[in-house]
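To start, the structure itself, in structure tokens.
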Amino acid sequence: MALRTIREIGDDVLRKTAKEVKEMTPRTQRLIQDMLETMYEANGVGLAAPQVGILKRIVTIDVGEGPIVLVNPEIISQEGSQTGPEGCLSVPGKQGTVTRPNEVTVKAFDENMKPRLIKGTELLARAICHECDHLDGKLYVDIVEGELEDVIAEED
Ligand code: NI
């Protein structure tokens with residue numbers, strides 16, 4: 001496994017549409033492992049492949065309940081709404097207020113291309129929406145309510 005470089009806002013790759021994963025290969029499995037390692041190293045709750053410069057529809061998420069890998073995710077239903085702070089590893093040191101659905105159901109494949117259906121509420125719903133947006137070249141700063149705020153970095 002290896003850490004990948006996280007691309008930051010201003011990098012064109014973050015604004016491109018990622019491509020569907022057609023088959024799982026050792027190379028793509030390595031990418032997924034690297035994404036998980038990179039996400040944990042950066043203390044993030046989610047990472048999308050375009051954030052490490054790879055235009056594939058893959059996201060990793062961990063909201064504190066263990067790693068979730070979503071390949072070709074598709075949000076098939078959403079309910080309610082939540083408004084709260086959101087940040088992004090590609091927009092370091094900042095956060096802003098974003099409204100998202102409070103509950104989503106996402107259809108995807110896991111790292112073995114096994115189909116899965118995941119229902120997420122609150123933080124998990126927010127993370128799923130945020131990461132799926134990355135696959136279509138969208139960043140939370142596009143829909144932030146008000147100004148971005150500085151985040152005071154926590155000591156390790
Ligand atoms: Ni992000």
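Derivation of every value follows stated rules applied to the coordinates shown; laboratory data play no part. Every value quoted in this text rests on a predicted model; they were computed, and no experiment measured them. Backbone-built Cβ (ideal geometry, glycine too); neighbour counts: all protein chains shown.
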Summed side-chain charge close to residue 50 - residues other than residue 50 whose Cβ falls under 11 Å, Lys, Arg +1, Asp, Glu -1: +2
Got the relative contact order for region 20-156 handy, in percent, Cα pairs under 8 Å and 6 or more residues apart? 23
Whole-Hz ³J(HN,Hα) for each residue in region 130-144, computed from phi via Karplus 6.51 cos²θ - 1.76 cosθ + 1.60 with θ = phi - 60°, x for glycine and proline: what do you get? 4, 6, 5, 4, 4, 5, 10, x, 9, 10, 4, 5, 5, 10, 5
If you restrict to DSSP beta bridges whose two residues both lie in region 12-74, what percentage is antiparallel, to the nearest 5? 90
Check each of the trypsin sites (Lys or Arg not before Pro) in region 13-95 and keep only those in coil by DSSP with at most 14 other C-beta atoms within 10 angstrom; list them in order. 16, 22
Compute the distance from the alpha-carbon center of region 123-141 to that of region 75-117, in whole Å. 5
With the 8 Å Cα cutoff and a minimum separation of six or more residues, region 83-156 has a relative contact order in percent of 35
Footprinting exposure proxy for 140, 40 (fewest neighbouring C-beta atoms within 10 Å first): 40, 140
Close Lys-Lys pairs in the chain, where close means Cα under 13 Å and separation is 8 or more or interchain: 6
Which GluC sites (Glu not before Pro) does region 74-156 hold that lie in a coil by DSSP with at most 13 other beta carbons within 10 Å? 154, 155
Over the Cα atoms of the chain, Rg to Rh with Kirkwood Rh, two decimal places? 0.94
If you filter region 30-65 for GluC sites (Glu not before Pro), then keep DSSP loop positions with at most 11 other Cβ within 10 Å, what is left? 65
